[in-house]
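Taking it in order: structure first as structure tokens, then the write-up.
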Amino acid sequence: MTDILHRHPRLRLAGLLGPPMLWLGVAYLGALAALFITSLWTVNTFTGSIQREWNLDNFRDLLTLEVYRAITVRTLLIAVAVTVIDALLAFPIALFMAKVATRRWQKILVIAVLTPLWASYLVKAYAWRAMFSGTGPIAWMAEPLGLGTPGYGLAATVVTLAYLWLPYMILPLYAGLERLPNSLLEASSDLGAGGATTLRRVVLPILMPAVVAGSIFTFSLTLGDYIAVKIVGGGTQMLGNAVYDTFLTGNNMPFAAALSTIPVLIMLVYLSAARRSGALENL
Amino acid sequence: MRTRNRMGRPIRALAAAAALALVVAGCGTESGDTTPSADDTADAGFTPPDLPMATELGDFEGQVSLLAWPGYVEDGSTDPTVDWVTPFEEATGCEVSVKTFGTSDEAIQLMKSGEYDVVSASGDASLRLIAAGDVEPVNTDLVPNYADIWPFLKDRAWNSVNGQMYGIPHGYGANLLMYNTEVVDPAPTSWGAVFDPDSPYAGKVTAYDSPIYIADAALYLMKTQPDLGIQDPYALDETQLAAAVELLKTQGTIIGEYWSDYTVQLSSFKSGDSVIGTSWQIIANLAQGEKTPVEVVLPEEGSTGWSDTWMVSSKTENRNCAYAWMDHIASPEANAAATEWFGEAPSSSAACEVASEGHCEAFNAGDEAFAEELYYWNTPIEQCLDGRTDVTCTTYADWQQAWTEIKG
């Protein structure tokens, strides 16, 4: 066996690449294709059984009904807000971890960043539900200032999602800054640049691909989320909720499929923009 | 050139997906052609799929899987004194597994999987289950305790088709207005308390997260705006639906959150994040058990409600255990215990003889006039349920669309 493989490098390559390519082609693209096809069918609204008649009604409804535009825009804004907040929070933490902390502290901090990922997503979301409750810690802290908790809604959703996805932003930034040679910083300072100039003209351009990489995580994870918003979002609907409700309460698989092509399209646009910026090849 | 080449890759991937799509499409259409015409059943005046009915029962299969509203199947794990599953298991040897659901839509979705033998379906689910062929006709001769069921629950629009029963009635009751007694003052007597845009409890009002909640708004309009001419909250023409949607959108500004999971409602009443909203008797009982200061009231406008039926899946492999369960839950002891625990009227007249003192009186069990006053969950269809023939009514699909719009 080893002999045959040794003598036929092509066979070796096929054996190595075959399973993952099959996975990509059949399971991944196949599922996407099945999704797209389902979106061209309709459902008998009374019995809930799928009728395989080709039509574009689902997409027409999607484009003409005001409510889906509003939900799409809201979801996009939440995703952008979460990404920006995470980038702003993650940068100083990653900078400290990579350039300031000692080796020993570096390890401790990496573990500290990773630990929340071991806790269940649901537990973390429910923890934020308690935080935003009218009798929770946020209300308690805001009280002396004459304020209250923002309650369950858009703000709570953004904060919770930003918290959930923060590690996915910190880690790429940390890895990017790790690779940044200290000599560059020293050279910049030797040439008379202050801390701010170095940051703006040396660190940020080199770090950009890492930021884009992190943003792909935070952006796409937010785009597809529907559980956290259900727990802390009050009545807020995101695309994920609309898909979930259409499928589960609406029992309308075809329309749910049509709806879920929106995030797929948004991500394709996002990825090709990221690719065009040249960020992806530096990953 | 390099850039263009790189840009080509996702396009090629898309092309591959499209090619696959065509292949799968071929298969899909092929199997579509062979699908029985049950799918094409028209929306109403429908003919249910011709499914066989059990004619005799055999040996128990040893297990039965139930899909039920929370509180309908209790084996002592919620409260050690509340248990009507163990006696059933001991008597029949049918091991019970249970899955609960929060809305009728969820139940329909889950029944399509074919993994459940019996379901407790409300009126807004039962007809859809029958029409889709997910449940089969029930031979009531094989359910001895069916004899004790109140006559006014038999052969009704939501549990039978053309005189053929599709299940065994479980119980019926009203959706109630629950409020926090420490915060809400004076005590509410009208559903207006949850529809008033200037409510002092803005941000702490809750509502049921299902399109069927539109009927609650329609009922309120029916009593407060007679000009709209609503006769039945489940028979709304377009103007009437638009009015209900308008009312619910206004309500949306004072809603803290919508609930469909009863444990979520329990927790938000406990923490004070919700202080008033539609609820069920069982949630109030559980909340009071946790020392949450809540009360429930049947508002003066009357209420929507439910009349539930145990139905057998057409794909069941545990038919004998399924029939045994339906007979058990209709037995006086189990029916009394289950409906007392949930807080609704029992379906069995014999249950009132063994139920706790006052239970049947509290829920007006057997009072046909009272039962007719409640607006039981029903599936809105094109043919107006109130008998109007000059207009088409909005369907449940319209309601679902409207519900998405209401939540915005």
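The figures follow:
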quantity: Listing of helices (runs of 4 or more DSSP H) fully contained in the range B:231-296 that carry 3 or more residues being open to solvent by 10 Å² or more (accessible area, probe 1.4 Å) and of a type in the set (A, V, I, L, M); calculated: B:238-252
quantity: Tabulated pairs, the range B:349-374, first farther than 13 Å from B:Thr339 by Cβ, second open to solvent by 60 Å² or more (accessible area, probe 1.4 Å), C-beta under 9 angstrom, 6+ apart or interchain; calculated: B:Glu368/B:Pro151
quantity: Matching residues, the range A:116-131, being touching a residue at least 60 places away in the same chain (Cβ under 8 Å), facing chain B (nearest Cβ under 10 Å) and open to solvent by 40 Å² or more (accessible area, probe 1.4 Å); calculated: A:Tyr126
quantity: Criterion (closer than 24 Å to A:Val110 by Cβ and among the basic types (Lys, Arg)) met by exactly one of A:Arg179, A:Arg129; calculated: A:Arg179
quantity: Wholly within the range B:55-163, helices (runs of 4 or more DSSP H) carrying at least 2 residues that are touching a Leu at 6+ places or on another chain (Cβ under 9 Å) and not β-branched (Val, Ile, Thr); calculated: B:104-111
quantity: Residue, nearest to B:Ile406 (Cα to Cα), within the range B:188-227, restricted to residues that are small (Gly, Ala, Ser) and part of a helix (DSSP H, G or I); calculated: B:Ala217
quantity: Close pairs from the range B:176-195: first in contact (Cβ under 8 Å) with a residue 12 or more places away in the chain and over 8 Å from B:Val275 (Cα atoms), partner of a type in the set (D, E, K, R) and crowded, with 21+ Cβ neighbours inside 10 Å, Cβ under 8 Å, at least 6 apart; calculated: B:Trp191/B:Asp216
quantity: Within the range B:94-126, tally of residues that are in contact (Cβ under 8 Å) with a residue 40 or more places away in the chain and either farther than 27 Å from B:Pro233 by Cβ or in the same structural domain as B:Tyr262 (by TED's automatic domain parsing) (or both); calculated: 7
quantity: Residue that is least open to solvent (accessible area, probe 1.4 Å), among those in the range A:176-211 that are of a type in the set (D, E, K, R) and over 26 Å from A:Ala273 (Cα atoms); calculated: A:Glu186
quantity: Filter result (open to solvent by 20 Å² or more (accessible area, probe 1.4 Å) and either at the interface with chain B (Cβ under 8 Å from one of its Cβ atoms) or within 25 Å of B:Ser113 (Cβ to Cβ) (or both)) within the range A:221-244; calculated: A:Gly224, A:Tyr226, A:Ile227, A:Lys230, A:Gly235, A:Val243, A:Tyr244
quantity: Filtered residue count, the range B:358-408, keeping only those that are over 24 Å from B:Ile130 (Cβ atoms), away from every other protein chain (no Cβ under 14 Å) and either among the basic types (Lys, Arg) or crowded, with 21+ Cβ neighbours inside 10 Å (or both); calculated: 3
quantity: Test: residue in the range A:109-121 that is within 30 Å of B:Lys204 (Cα to Cα), among the hydrophobic types (A, V, I, L, M, F, W, C) and part of a helix (DSSP H, G or I); calculated: no
quantity: Residue within the range A:212-220 that is away from chain B (no Cβ under 14 Å), part of a helix (DSSP H, G or I), among the small types (Gly, Ala, Ser) and surrounded by fewer than 19 Cβ atoms within 10 Å (Cβ to Cβ) present; calculated: no
quantity: Segments classed as helices (runs of 4 or more DSSP H), wholly inside the range B:323-408, with at least 2 members that are modelled with pLDDT of 90 or more and either closer than 18 Å to B:Gly305 by Cβ or among the aromatic types (Phe, Trp, Tyr) (or both); calculated: B:332-342, B:396-407
quantity: Residues that are open to solvent by less than 60 Å² (accessible area, probe 1.4 Å) and within 12 Å of another protein chain (Cβ to nearest Cβ), drawn from the range A:132-151; calculated: A:Phe132, A:Ser133, A:Gly134, A:Gly136, A:Ala139, A:Gly148, A:Thr149, A:Gly151
quantity: Single residue of B:Gly252, B:Gly272 found to be within 11 Å of chain A (Cβ to nearest Cβ) and at positive phi; calculated: B:Gly272
quantity: Residue within the range A:152-175 that is at pLDDT 90 or above, over 22 Å from A:Leu114 (Cα atoms), open to solvent by 10 Å² or more (accessible area, probe 1.4 Å) and of a type in the set (Ser, Thr, Tyr) present; calculated: no
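The values are calculated or read from the model by the stated rules, or taken from the named source; none is laboratory data. Source: prediction; values computed, not measured. Because the Cβ atoms are built from the backbone with ideal geometry, glycine has one as well, and the counts that use them run over all protein chains shown. Quick note on the areas: whole protein, heavy atoms, side chains included, nothing else; ligands and nucleic acids left out. Shrake-Rupley method; radii C 1.70, N 1.55, O 1.52, S 1.80 Å.
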